[in-house]
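Undergrad: Dropping a structure here in structure tokens format, bear with me for questions.
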Amino acid sequence: MIELKYDEEFAVLTIRRPQALNALSFSLIEDIGKAITEAGRSKARALIITGEGEKSFCAGADIKELQQRSLKEQREGAELGQAVFAQLDRLSIPSIAVVNGFAFGGGCELALACTLRLALQNAKFGLPEVKLGLIPGYGGTQRLPRLVGTGRALELVMTGRTVKADEALAIGLVNRIVEGQVVEAGKAYAREFTGHSLRALQFAREAVLRAADLPLYEGLRLEADLSTLAYRTADAEEGMQAFVDKRPAVFQDQ
């Protein structure tokens, strides 16, 4: 099951299927999509995603569900996972995966789809589909190279090997290694930016994420357009005036 709750200014999505190491069934993926939609409509300033228990963030797809399926069903399953995880790209607030334990296959792809990733020291990442005669189908082959580079991504996908937290940090797969309780660690990290204008954060995310898809000259044009839009917001006026007045800015996300 999926639990979505609100804690202070945060939405917290927890995968609660510890008996199966929080593996992703197709119904669970659909529930994740509904929860992401609900979080986007809320007043939360960030979405934190984690898994119940200390063993696993999400151990990947439910393999038994993948057996004896037609090609049409397999294609529809891949498209479902891709569509749900892509909701995080369009979410109006930043998303943070806090990985405790295993993040394999679809679980790793869920973390890759988040805006940012944190890892506890026990975190282990991997796309082991090749060991089953398969390849990642929920976005792993596309998002991983954007984070760690083509060479490293090819190695990880083609070997299916496991990456521990320290290596994940070194290669840019995660943003930080954290300690303590997962939700509190996620909240503490998110507070480093949730006090900023959500409008400015949205513009910044769009500019950075589009950089991987655009030639430099088009990316610079997009940056100029978005920075110009940012200047026209009430939050920009407040931020600049607060700087002049030597006081903290009070943003209204407008």
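Undergrad: Once the mean 1/r over all distinct Cα pairs of the stretch 56-104 is inverted, what Kirkwood radius in angstroms do you read off?
TA: The answer is 12.8 Å.
Undergrad: Quick check: residue separation of Ala212 and Asp89 times 0.36 nm, minus the Cα distance between them. What number comes out in nm?
TA: Answer, rounded to one decimal: 42.9 nm.
Undergrad: Report the accessible area of Tyr217, computed with a 1.4 Å probe over the heavy atoms of all protein chains in place, in Å² rounded to the nearest 10.
TA: 140
Undergrad: May I pose another question? Just for the stretch 78-222, what percent of DSSP beta bridges are antiparallel, to the closest 5?
TA: Taking every DSSP beta bridge within the stretch 78-222, about 15 percent pair in antiparallel fashion.
Undergrad: For the chain, give the share of DSSP beta bridges that are antiparallel, in percent and rounded to the nearest 5; count only bridges with both residues there.
TA: Roughly 25 percent of the DSSP beta bridges within the chain come out antiparallel.
Undergrad: Oh, and also: Among Gly139, Ser95, Gln74, flag the residue with its Cα farthest along the positive direction of the charge dipole of the stretch 19-175, charges on Cβ as +1 for Lys/Arg and -1 for Asp/Glu.
TA: Going by the charge dipole, the pick is Ser95.
Undergrad: Where does the charge balance sit around Ser42 when Lys and Arg score +1, Asp and Glu -1, over other residues with C-beta under 11 Å from its C-beta?
TA: Taking every Cβ under 11 Å from that of Ser42, the sum is +2.
Undergrad: For the pair Tyr231 and Asp166, how long in nm is the line joining their label points, each one 7 Å along Cα→Cβ?
TA: 4.8
Undergrad: Show which lysines lie in cross-link reach of Lys131 when reach means a straight Cα distance below 18 angstrom and same-chain residues fewer than eight apart are skipped.
TA: Lys64
Undergrad: May I pose another question? Can you tell me the FRET efficiency between Glu30 and Tyr6 if r is taken as the Cβ-Cβ distance and R0 is 25 Å, rounded to the nearest 0.05?
TA: 0.75
Undergrad: With N set to the number of residues, divide the alpha-carbon radius of gyration of the chain by 2.2 N^0.38 Å and report two decimals.
TA: That ratio works out to 1.04.
Undergrad: Taking H placed 1.01 Å from N in the peptide plane, check which residues at least 5 places from Val174 or on another chain put their amide H under 5 Å from its amide H.
TA: Leu169
Undergrad: In whole Hz, with x marking every Gly and Pro, tabulate ³J(HN,Hα) for the stretch 7-19 from phi via Karplus 6.51 cos²θ - 1.76 cosθ + 1.60, θ = phi - 60°.
TA: 9, 6, 8, 10, 9, 10, 9, 10, 7, 10, 9, x, 5
Undergrad: Here's another thing I want to ask about it. If eta is 0.890 mPa s and T is 25 °C, what Stokes-Einstein diffusion coefficient results for the stretch 22-67, Kirkwood Rh from Cα pairs, in µm²/s?
TA: 203
Undergrad: Net charge within 12 Å of Leu112 by Cβ-Cβ distance, Lys/Arg positive one each and Asp/Glu negative one each, not counting Leu112 itself?
TA: +1
Undergrad: Mind listing the long-range amide H neighbours of Arg17? Cut-off is under 5 Å, sequence gap 5 or more, other chains count too, H placed in the peptide plane at 1.01 Å from N.
TA: Asn22, Glu52
Undergrad: Taking the 0 to 90 degree range and rounding to the nearest ten, how far is the long axis of helix 71-90 tilted relative to the main principal axis of the chain, both from C-alpha atoms?
TA: 20
Undergrad: If the only charges are +1 at each Lys and Arg Cβ and -1 at each Asp and Glu Cβ, what is the size of the charge dipole of the stretch 10-163 around the Cα centre, to the nearest 20 debye?
TA: 300
Undergrad: Label-point separation (nm) for Lys64 and Lys131, each offset 7 Å from Cα along Cα-to-Cβ?
TA: Modelled inter-label distance: 2.0 nm.
Undergrad: Shape of the stretch 159-228 from its Cα gyration tensor (a ≥ b ≥ c, root eigenvalues): rounded if a/c is under 1.5, otherwise prolate when a/b > b/c, or oblate?
TA: oblate
Undergrad: Considering amide H positions built from the backbone, and no H for Pro or chain starts, which residues 5 or more places from Ser56, or on another chain, come under 5 Å of its amide H?
TA: For Ser56, whose amide H was placed from the backbone, the distant partners under 5 Å are Phe102.
Undergrad: Based on the alpha-carbon gyration tensor of the stretch 118-253 and its eigenvalue square roots a ≥ b ≥ c, which shape applies: rounded if a/c is under 1.5, prolate if not and a/b is larger than b/c, or oblate?
TA: Taking the square roots of the gyration eigenvalues as a ≥ b ≥ c, the stretch 118-253 is oblate.
The values are calculated or read from the model by the stated rules, or taken from the named source; none is laboratory data. It should be emphasised that the depicted structure is a prediction, and the values quoted were computed from it without experimental measurement. No Cβ is skipped: glycine too gets one built from the backbone with ideal geometry, and neighbour counts run over all protein chains shown. The protein model used for the area step is the full one, side chains on, heavy atoms only, and it has no ligands, DNA or RNA in it. Shrake-Rupley method; radii C 1.70, N 1.55, O 1.52, S 1.80 Å.
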